[in-house]
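Working notes for the structure below.
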Amino acid sequence: MTAVPVELRRRDEVVRVPTSPGHMPELLPLDAGEQYRFGFSMSVCIGCHSCEVACAEQNGLPDGIVWRRVGEVEGGTFPDTRRLQLSMSCNHCLDAACLTGCPTNAYEKLDNGVVAHHADECIGCQYCTWNCPYSVPVFQPDRRIVTKCDMCLPRLGEGLLPACAGACPTHAITVEPVNIEAWRADHAAADMPHLPSSHLTISTTRIELPDDVPASTVAASDWSLRPEHAHWPLVWLTVLTQVAAGVSITASGAGDRAAAAGLAVAALIGSLAHLGRPGLAWKALRNLRRSWLSREVALFGVYAPIAMAAVLLPALAPLAALVGMAGVYASARLYIVPGRPAWNTPLTMFAFAATGLAVGPLVTGHEALGAAGTVAALVVLVANVLRLSGDPEVSRGGTPELYRHRLRGWTVLRVVLALTGLLALTAGLVAAAAALVVAGEVVGRWLFYVTVVPANMPGSFWRSSAGTHK
Amino acid sequence: MKVIETGRRLLGLDHGGDRYQYVDDPLRGPVHASRQADRWVKSTCGYCSVGCGMLLGVRGERVVTVAGDPDHPVNRGRLCPKGLSEHHTLTAPGRLTTPLISGEPATWDAALDKVVGEFRRLLDEHGPESVAILSTGQLVTEEFYALGKLARLGMGLAHYDGNTTLCMASAVSGYKLSFGTDGPPGCYDDLEEADVVVLWGANIADNHPLLVPRLLANEAAEVIVVDPRVTKTAQLADVHLPVGPRTDVTLLNAILRVLLDEDLLDLAAARPLVSGLDELLAHLDEVDLVQAADECGIALDDIRRVARTIGGAERCLVAWSMGVNHSAQGTETVTLLNTLCVLTGNIGRPGASPFSITGQCNAMGTREAGFTASMPGYRSYDDSSHRRELAALWGVAEERLPTERGRAYPDIVNAVMNKQVKALWIIGTNPLVSFPNREVLEIAFRRLDLLVAQDGFETPTTAVADVVLPAAIWGEKDGTYTNSERRVSRVRAAVAAPGDARPDFDIFLAIAERWGCRDELFPGWSAPRDAFEEWRLVSAGRPCDYSGITYERVDAAGGVQWPCPADDPTVPLGGTARLYTDLQFNSADGRAVLRSVTRQPLRQPPGGEYPLLLNTGRTVEHWHTRTKTGRVPILESLAPEAWLEIHPDDARGLGVRSGDLVRVSSSRGSVDRLRARVTAIVRPGEVFVPFHWDERCANRLTTDECDPISREPNYKQCAVKVERVH
């Protein structure tokens, strides 16, 4: 073996060596009022994916975890066809939705503009993966937390370009300073077809489009529409808390109040299974100022003991009902985010309320109210599907597609369960009706989670934009 | 303790942060700790022929990372995704670590005894035609040189060829016909120095990605891409000519005709440099431009515009790759590309050259030093002075040297079919995926008495072999590669091969030992350098002159381009950038030969039962038959399956939408459950499938029609039908 040692020449390959004459990529220092951002030139990107591999190597990412992705958008007619490649990682937004929604304040906007994620603070609730309209943060199963691009912070600290930019053979990826206020005023250069609008979070990635972008384009990933995570612990949490609140509101005796308390406690315990790091669940209370998730946790956290106390102290029952309803409201609000277009509607609030109204009163013996709630739940479902139908963007039009085609059997089951529940009710079979309506709501909630199509960057032919899971 | 650990894990108190620490690497700056190297080994990438310089980062006994070599003149520190993940091939599953006989582990002694014994028996009983070798473009030059001597002089085989015939044979044959010998005249700097760059059937963005920065660096150049698909490369072009299938010859004749018509050729200057000019002029006189444009599917105005651009260029580089070579008319297309360059004065000057972009990392090495299409040093089998010269250099009787090259790869397969060849020794190639018309090859393999496969990994071919010889791979062995621009670069072992796997060089010497020819043919040899030193002497004075190239000079210059004669002070440290700068060609009279070529139509044009035309090719994430890249998870995740590109008009007619599964069939075979990608980067009536996969193997469909001169298969066009499956 002739392992000839190489004379070490510190990192010239990334910062100072020109790959093309006259073009020396280097990291410029920041002036006051500036932050770093990615620049991307679509006209010189050749779709080689070196950036993705370099990122995985730099960060030791396990198989299946990607912080930088290359998507494709195509339009035009042969031979004037254009296939546009978009390489994107975190956009280090000015109004980062991941940061705003994070219940533990695990995110921090650093002085240099990097939206940094602190692993120690992350409890793996994955709320940021819903909030980011580009689906940038990913849940990393081996760590049971979310991870994401930090623009190679350790490298930036030494004046080095991130691995992706350093590896790009054609210098399509750059890192450059941007004036924060000027960008806030005009960030149109962060937009391109099939990419969520930059105004949602003020994405800072500057995308240089070629001159000949076709008027009409499709994303290469559009075919690979598929159901999202079921989030069973959240199906459990939301259905149970809503039913508990419904019971609290309509409770007429200690038995009802005990049922509400039991449901509330069970809901909370079960919801822990959703967290990557359940032992640190308490950290979810850290962002009451901004995060609806923190508020949901706080309200249900208060609701459960009040509901328990109300079993013995009937005077607390109205308070329990009020806090329960507030919890359901907070719960619904946390789903109303641009990153999940199918949920991003007041209908989500009605859907959650309807579940509580459909089942709670059946438990407490208010059949008419329960029937009204059951019908309301179906109406809300139909309204949401109609709202999204026919939308060419997959993150919107994809949801009715899933309800109507891929998951048609489950959709039918959900409706049939509710309708037979109503039938059973008219026949006076209240217990059977309650069971059928509960089953309908559970299937409905499962559908709620799996039919959502995340907002995302356009994917590649093989890598779907619809979700981060396999 | 275990209970506490489990509890901590379930509660998520530990997020594995200790596994995600960064360390400050002296060479590259902060990097994930798992990629920290404690020493770096300078080498060259083992995938394609661009020949990127690489540093292999080793920690302990493992290559944990790679980096582009910032000092290497080819890639200047950058790599493509295959290169960036190449270290993973060294630890990938599926390595062959012990010899196998009939699938059972065996000792080297047993395996080599069987191979040598069986080969000898067959040769004794049935003569020198009964055993043949199919080799590769992936070994180091030193190994090719050793193997050539072993095969032709030691074992006396009549038939020895490599998968380079599936790849660059048409370029070789075309160069020989035009200029007298093989040898790409240009270099990569020409991409940066040309006014006009023509990329003909070369999708460098997918297949030679590190040439793209060289092209983009030349902002002033007009880039013309000739390709039937709107490839990533075509999209970088100023002008894209979407040439119709098998109409390259028509297009080239039309361009030449326009150049003549518009007086853009300096025939007076060209005449003393060429032969065949008058015949060519008469031939071009017959070209009907309107008809030609129609045949090519390109507007005549576009052809005129491109011809004027080429004719008006001060420096024009005409580069091509598999789009030209993989054709039953590949050789003659190459001669026409050469003719175009010679007549427009675009040869032997910076930025002005015909230039073949090769496929494999060391296809050039076997072309130069091997013993297949030529004898070592581009010597001709039929030239007695060449045979005499070699015999003297080697100290063997001239009669030992073959007088003809023997069968080319496809003809070896034919000879297996009719049982003339009874044993095959396959080295570093995977014909079951890469050879056209797979079913015939499968039948041929079953007719063999003995199939020996030598490879680093388990492949579909090693799976059916009688004897498997486990070889070291890139990163585990020493030697040199020669890239497309004739640049010789060093390849180094950074780690030892796993198990009992051995460098191919050692395997060849061990077989020579058993054959009884080691001392005669390889006297005192123990390492690749011994072969290199002899090869330097053997190549001296030849067009591919290595005599001035030493391992030390290669290191000092970051690669040396041949010809590099010894003791010639006029040759720069890095060798000779371009051939034919004196406009003296390697033909007998020193002139370039202009050939008059007529287009041959497709043997089986689309129509009837098979209405679509299938084009096959590659994608950036994979290399050849995925023996390596299929085992690198990130590359697999980027391109996990083969797919079919089909135009929206055709897809609509078939009721196929993107993502649907389809069956593609030709008269030879069919491929089931290919994922359809409806895209307008292919022309209506044409479909495209990448060939890399064993599952859904495009070569079950392709025709075994070959170029009559180079014997290179016609991979790019065959008639198929597409059906939706559920």
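Give me the percent relative contact order of chain B, please, defined on Cα pairs under 8 angstrom at least 6 residues apart. Present the calculation step by step, with values, prior to reporting the outcome.
Values: 1684 pairs, mean separation 136.8, N = 726.
Once normalised by length, the contact order is 19 percent.
Distance between the 7 Å Cα→Cβ label points at B:LEU281 and B:ASP294: 2.9 nm. Taking every DSSP beta bridge that has both ends in chain B, the antiparallel portion is near 50%.
Taking a straight Cα-Cα cut-off under 16 Å and skipping sequence neighbours fewer than 8 places away in the same chain, the aspartates and glutamates within cross-link reach of B:LYS628 are B:GLU86, B:ASP455, B:GLU458, B:GLU476, B:GLU636, B:GLU641, B:ASP694, B:GLU695. The phi torsions of the stretch B:520-531, fed into the Karplus equation with coefficients 6.51, -1.76 and 1.60 and a -60° offset, translate into couplings of 6, 8, 10, x, x, 6, 9, 9, x, 4, 4, 5 Hz, rounded to whole numbers, with Gly and Pro shown as x. Site pair B:ARG59 and A:THR77 shows an inter-label distance of 5.7 nm when each label is modelled 7 Å from Cα along Cα→Cβ.
Considering only DSSP beta bridges where both residues belong to the protein assembly as shown, give the percentage that are antiparallel (nearest 5). Can you show the working numbers first?
Details: 71 of 121 bridges.
In the protein assembly as shown, approximately 60 percent of DSSP beta bridges are antiparallel ones.
The mean number of partner chain beta-carbon atoms within 10 angstrom of a residue's beta-carbon across peptide B:14-27 is 5.
Shape verdict for the stretch B:169-357, please, from the Cα gyration tensor: rounded (a/c under 1.5), prolate (a/b greater than b/c) or oblate.
On the way: a/c = 1.34, a/b = 1.18, b/c = 1.14.
It comes out rounded by the Cα gyration axes.
Couplings 3J(HN,Hα) of the stretch A:262-269, computed from phi: x, 4, 5, 5, 4, 4, 5, 5 Hz, in residue order, whole Hz [Karplus 6.51 cos²θ - 1.76 cosθ + 1.60, θ = phi - 60°; x for Gly and Pro].
Please identify the trypsin sites (Lys or Arg not before Pro) of the stretch A:272-334 that satisfy two criteria: DSSP loop assignment and at most 12 other Cβ atoms within 10 Å. Which are they? Can you show the working numbers first?
On the way: sites: A:LYS283, A:ARG286, A:ARG289, A:ARG290, A:ARG295, A:ARG333; in loops: A:ARG286, A:ARG289, A:ARG290.
Those satisfying the criteria are A:ARG289.
FRET efficiency for the pair A:LEU423 and B:MET1, taken as 1/(1 + (r/R0)^6) with r the Cβ-Cβ distance and R0 = 41 Å, rounds to 0.10.
Entry note, the stretch B:169-357: relative contact order of 34 percent, from Cα contacts under 8 Å with a spacing of 6+ residues.
Our coupling estimate for the stretch B:456-471, obtained by passing each phi through the Karplus curve with A = 6.51, B = -1.76, C = 1.60 and θ = phi - 60°, is x, 10, 5, 9, x, 6, 5, 5, 9, 7, 6, 10, 10, 10, x, 10 Hz, Gly and Pro reported as x. Say a site is exposed when it is one of the trypsin sites (Lys or Arg not before Pro), sits in a DSSP loop, and has at most 15 other Cβ atoms within 10 Å; what is then the longest site-free stretch of chain B? So the longest stretch without any such site is B:1-418. A cut-off of 5 Å between modelled amide H atoms, ignoring neighbours fewer than 5 places along the same chain, links A:GLU72 with A:LEU86, A:ALA220, A:SER221, A:GLY459, A:SER460.
Counting other Cβ atoms within 10 Å of each Cβ, which GluC sites (Glu not before Pro) in the stretch B:686-726 have at most 14 and sit in a DSSP loop?
On the way: sites: B:GLU686, B:GLU695, B:GLU705, B:GLU723; in loops: B:GLU695, B:GLU705.
Qualifying residues, ordered by number: B:GLU695.
Can you tell me the FRET efficiency between B:ASP261 and B:ASP649 if r is taken as the Cβ-Cβ distance and R0 is 30 Å, rounded to the nearest 0.05? Please list the in-between numbers first.
Numbers: r = 35 Å, r/R0 = 1.18.
Efficiency computed from Cβ-Cβ geometry: 0.25.
Shown is the FRET efficiency for A:HIS229 and B:ARG447, computed with R0 = 41 Å from the Cβ-Cβ distance and rounded to the nearest 0.05: 0.15. Here is the list for the stretch B:388-457: GluC sites (Glu not before Pro) lying in DSSP coil, each with at most 16 other C-beta atoms within 10 angstrom of its C-beta, are B:GLU404.
Among the aspartates and glutamates, which fall within straight-line cross-link reach of B:LYS42, defined as a Cα-Cα distance under 12 Å, with same-chain neighbours fewer than 8 residues apart omitted? The reachable aspartates and glutamates, counting only those whose Cα sits under 12 Å from B:LYS42, are A:GLU7, B:ASP69, B:ASP71, B:ASP478, B:ASP555. I'd like to know which of A:CYS48, A:VAL415, A:HIS231 lies farthest towards the positive end of the charge dipole of chain A, counting +1 on Cβ of Lys and Arg and -1 on Cβ of Asp and Glu. Positive-end residue among those listed: A:VAL415.
Taking a straight Cα-Cα cut-off under 19 Å and skipping sequence neighbours fewer than 8 places away in the same chain, the lysines within cross-link reach of A:LYS148 are A:LYS109, A:LYS470.
Take the alpha carbon gyration tensor of the stretch B:612-725, find the square roots of its eigenvalues, order them as a ≥ b ≥ c, and report rounded if a/c is under 1.5; if not, report prolate when a/b exceeds b/c, else oblate.
Values: a/c = 1.77, a/b = 1.05, b/c = 1.68.
Taking the square roots of the gyration eigenvalues as a ≥ b ≥ c, the stretch B:612-725 is oblate.
Let me have the 222 nm mean residue ellipticity of chain B computed from DSSP H runs of 4+ only, each contributing -39500 (n - 2.57), with the sum over all residues rounded to the nearest 500.
Details: 27 runs with 225 residues, N = 726.
Counting only the DSSP helices, I get -8500 deg cm²/dmol.
Residues whose amide H lies under 5 Å from that of B:LEU644, counting only those 5 or more places away or on a different chain, are B:ARG675, B:ALA676, B:ARG677; hydrogens are built 1.01 Å from N in the peptide plane. For the stretch A:31-221, relative contact order (Cα pairs under 8 Å, six or more residues apart, normalised by length) works out to 35 percent.
Cα gyration tensor of the stretch B:552-680, axes a ≥ b ≥ c as square roots of the eigenvalues: rounded (a/c below 1.5), prolate (a/b > b/c) or oblate? Oblate is the answer for the stretch B:552-680, as a/c is 1.5 or above yet b/c matches or exceeds a/b. Averaged over peptide B:225-231, the number of partner chain Cβ atoms lying within 10 Å of each residue's Cβ comes to 2. Looking only at the stretch B:335-368, which residues have a backbone nitrogen under 19 Å from a spot 7 Å from the Cα of B:ASP383 in the C-beta direction? The answer is B:365-368, whose backbone nitrogens lie closer than 19 Å to the label point. With each label modelled as a point 7 angstrom along the Cα→C-beta vector, the A:SER197-B:LEU573 pair spans 6.0 nm. Size descriptor for the protein assembly as shown, Kirkwood hydrodynamic radius: 32.7 Å (Cα pairs only, one decimal).
Bear in mind that the values in this text are calculations on the coordinates, not laboratory data. Quick caveat, the model's predicted, so the values are computed rather than measured. Note that we place each Cβ from the backbone using ideal geometry, even for glycine, and neighbour counts take in every protein chain shown.
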